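As structure tokens, the structure follows; a few thoughts come after it.
The values are calculated or read from the model by the stated rules, or taken from the named source; none is laboratory data. Given the structure is predicted, the values throughout are model-derived calculations rather than measurements. In this analysis, Cβ positions are derived from the backbone assuming ideal geometry, glycine residues included, and neighbour counts consider all displayed protein chains.
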Amino acid sequence: MNLVSELWTSLIESLVGLGAVVRFLLRLVAESPRALLRVDVIAQQIYNSGALSLVIIMLSGLFVGMVLGLQGFELLQRFGSEEALGTAAAIGLVKELGPVITALLFAGRAGTALASELGLMRATDQLSAMEVMAVDPIRRVVVPRFLGGVIAMPLLAAIFSVIGIYGAQLIGVQIMGVDAGSFWSQMRASVGLSDINEGFVKSCVFGVACSLIAVYEGYHATPTAEGVGQATTRTVITSAVVILFFDYLITAAFL
Amino acid sequence: MGYAISGRPVFAGLDMDFPRGRITAVMGPSGTGKTTLLRLITGQVLADSGSIVVAGQELRGVKRADLYTLRRRMGMLFQNGALLTDLSVFENVAFPLREHTDLPERLIRQLVLTKLQAVGLRGAAELMPSELSGGMTRRVALARAIVLDPEILIYDEPFVGLDPISLGVILRLIRHLNDALGITSILVSHDVQEISMVADAVFLLSGGKVAAKGTPQELRSYPSEIVRQFVGGLADGPVPFHFPAPDYFGELLARGEK
């Protein structure tokens with residue numbers, strides 16, 4: 001009986017928490033049109049979340065593409081169809097690996113930076129100071145960071161996929177000797193707009209989810225060193241689970 | 001006015017007034033809710049009972065837009081300065097102007113430099129907050145608090161952790177700003193010496209109520225144990241030295257069990 005009541009309490013708490021996150025998201029969305037007018041502030045946040053994540057995204061994209069080239073070649077060679085390497089790598093990257101790995105890396109780099117920055121702003125009274133200066137911290141600080149992440153994610157995922165395809169080509173064509181013509185022509189013939197759309201939808205959803213989790217955790221962090229640390233950890237863990245959960249849902253929806 | 005946090009009353013039947021154009025200090029032992037009082041006055045939290053009237057505006061049931069309009073008439077100096085760490089000193093002081101006005105850049109620059117000159121930090125305009133000392137941080141925060149020419153200026157523990165020179169500078173600035181601009185100042189502190197140098201009137205809070213009220217001189221001869229303990233800096237008295245605990249010897253002699 002005790003276990004049932006504990007489970008019930010835990011379920012109710014989770015639902016209340018989810019409700020709070022949804023209300024927070026609605027508030028961010030409601031404030032977004034006005035925040036978008038401050039182009040300089042948004043551009044700064046796209047730079048913080050996007051441009052500063054570029055090196056890690058490009059490096060990871062290159063290595064993931066190279067591994068795909070190697071593994072794909074080894075597998076396809078067994079069936080004598082190594083010319084399909086371009087198709088396999090491109091579809092794998094554009095639909096799946098690009099958005100998912102970009103989102104996981106984004107959560108680790110930009111997400112933690114956002115959460116700890118907002119948490120420290122709360123701990124050092126910067127958010128309270130804004131409120132007293134009659135400046136809404138949600139509108140001035142949280143929404144631009146949220147939008148910066150939402151805009152940066154699809155761009156980063158696209159860059160990841162492009163670099164990844166180059167990496168696969170580097171290994172498959174340059175080293176393993178797959179014919180360059182078949183590699184590119186098969187890719188062009190079989191990767192359709194629906195594949196690109198699936199990847200784009202995924203990266204947009206992941207962008208909203210990761211940015212929302214990061215700003216929510218940071219904004220609501222307990223204003224202590226321990227509280228900020230916990231908020232940062234929760235950002236990464238929750239983001240990872242949510243990314244993989246939505247990845248399954250969207251993949252299933254596109255089938 | 002009454003206010004409670006998690007069912008624990010912080011203020012019960014608190015009655016205070018802060019006259020226009022004067023420096024009124026709020027003193028009291030740590031944990032008496034001095035900072036909470038400032039949060040109530042600025043409308044960051046709302047009172048559970050009674051009313052709080054700031055510049056003629058009742059805070060109970062006030063709309064968010066009206067509260068923000070009211071806050072533009074207030075300035076607040078936070079204990080740690082609360083400067084925005086990603087902006088330079090100049091941009092920190094310019095922040096309220098950029099957010100609330102459409103003034104041309106040239107005018108913003110003049111206003112910011114004037115305020116920085118008033119706190120003696122015009123030369124530090126391009127520094128970042130991490131490059132400032134504690135005293136300088138508080139002076140920049142003061143410049144930011146007065147940049148919109150507020151009617152009410154609130155100081156939260158402005159003297160904590162300052163060296164004697166910075167302390168003298170801050171004291172002089174508080175007095176000067178009040179006299180020159182006719183600002184209503186509310187000063188929360190537990191520094192008896194400094195308060196007696198700068199305040200026109202003092203409230204001493206204890207147990208969620210006003211324990212004493214008067215000029216700093218009147219407080220020195222106030223016929224109350226708590227006031228004597230606080231002003232004289234006595235370790236024990238109505239505010240006990242020891243946090244409530246079980247019997248000392250009993251606990252020492254207990255065999256390890258908690």
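Have a look at A:L105, A:L85, A:L52, A:L76 and point out the one that is among the aliphatic types (A, V, I, L, M), in contact with a helix residue (DSSP H, G or I) (Cβ under 9 Å, 6 or more places away or on another chain) and at pLDDT 95 or above. Even if it seems obvious, please write down each step before you answer.
Numbers: A:L85 fails: at pLDDT 95 or above; A:L52 fails: at pLDDT 95 or above; A:L76 fails: at pLDDT 95 or above.
On inspection, the qualifying residue turns out to be A:L105.
Hey, can you tell me all the residues within segment B:53-75 that are surrounded by fewer than 15 Cβ atoms within 10 Å (Cβ to Cβ) and either within 12 Å of chain A (Cβ to nearest Cβ) or in a helix (DSSP H, G or I) (or both)?
The first filter runs over segment B:53-75 and keeps only residues surrounded by fewer than 15 Cβ atoms within 10 Å (Cβ to Cβ), leaving B:53, B:55-58, B:60-61, B:63-66, B:69.
Of everything in segment B:53-75, those that are surrounded by fewer than 15 Cβ atoms within 10 Å (Cβ to Cβ) and either within 12 Å of chain A (Cβ to nearest Cβ) or in a helix (DSSP H, G or I) (or both) turn out to be B:R64, B:A65, B:D66, B:T69.
Go through segment B:3-42 and report how many residues are assigned to a strand (DSSP E or B) and in contact (Cβ under 8 Å) with a residue 60 or more places away in the chain. Break it down into steps so the answer makes sense when it comes.
Applying the first criterion (assigned to a strand (DSSP E or B)) to segment B:3-42 yields B:3-5, B:8-11, B:23-27.
Cutting the leftovers down to in contact (Cβ under 8 Å) with a residue 60 or more places away in the chain gives us B:9-11, B:23-27.
Residues meeting the conditions: 8.
Within segment A:144-188, which residues are farther than 23 Å from A:L54 by Cβ and hydrophobic (A, V, I, L, M, F, W, C)?
First, pick out the residues of segment A:144-188 that are farther than 23 Å from A:L54 by Cβ: A:172-188.
Correct list: A:V173, A:I175, A:M176, A:V178, A:A180, A:F183, A:W184, A:M187.
What number of residues within segment B:114-129 satisfy the criterion of being surrounded by fewer than 16 Cβ atoms within 10 Å (Cβ to Cβ) and closer than 18 Å to B:L84 by Cα? Explain how you work it out, then say what you get.
Filtering segment B:114-129 for residues surrounded by fewer than 16 Cβ atoms within 10 Å (Cβ to Cβ) gives B:114, B:117, B:120, B:123, B:126-128.
Filter once more, so that each one left must be closer than 18 Å to B:L84 by Cα: B:126-128.
So the answer is 3.
Please list, ordered by first then second residue, the pairs with beta carbon atoms under 9 Å, 6 or more apart or interchain, first in segment A:109-121 and under 11 Å from A:Y216 (Cα atoms), second in a helix (DSSP H, G or I) and among the aromatic types (F, W, Y).
Note: pairs meeting the criteria are A:L114/A:F146; A:A115/A:Y216; A:A115/A:Y219; A:L118/A:Y219; A:G119/A:Y219.
If we keep just the residues of segment B:76-89 that are more than 8 Å from every other protein chain (Cβ to nearest Cβ) and buried (at least 20 other Cβ atoms within 10 Å of the Cβ), which is modelled with the highest pLDDT?
My answer is B:V89.
So, in segment B:102-142, exactly how many residues are in contact (Cβ under 8 Å) with a residue 40 or more places away in the chain and outside any helix (DSSP H, G or I)?
Qualifying residue count, segment B:102-142: 4.
For A:D125, indicate whether it is within 14 Å of another protein chain (Cβ to nearest Cβ) and touching a Phe, Trp or Tyr at 6+ places or on another chain (Cβ under 7 Å). Give the steps one after another, and end with the answer.
Numbers: within 14 Å of another protein chain (Cβ to nearest Cβ): yes; touching a Phe, Trp or Tyr at 6+ places or on another chain (Cβ under 7 Å): yes.
Yes: the conditions hold for A:D125.
Within segment A:166-178, is there a residue that is without any contact (Cβ under 8 Å) to a residue 40 or more places away in the chain and either farther than 24 Å from A:M66 by Cβ or among the charged types (D, E, K, R) (or both)?
no
Regarding A:G108, is this residue surrounded by fewer than 19 Cβ atoms within 10 Å (Cβ to Cβ) and at positive phi?
no
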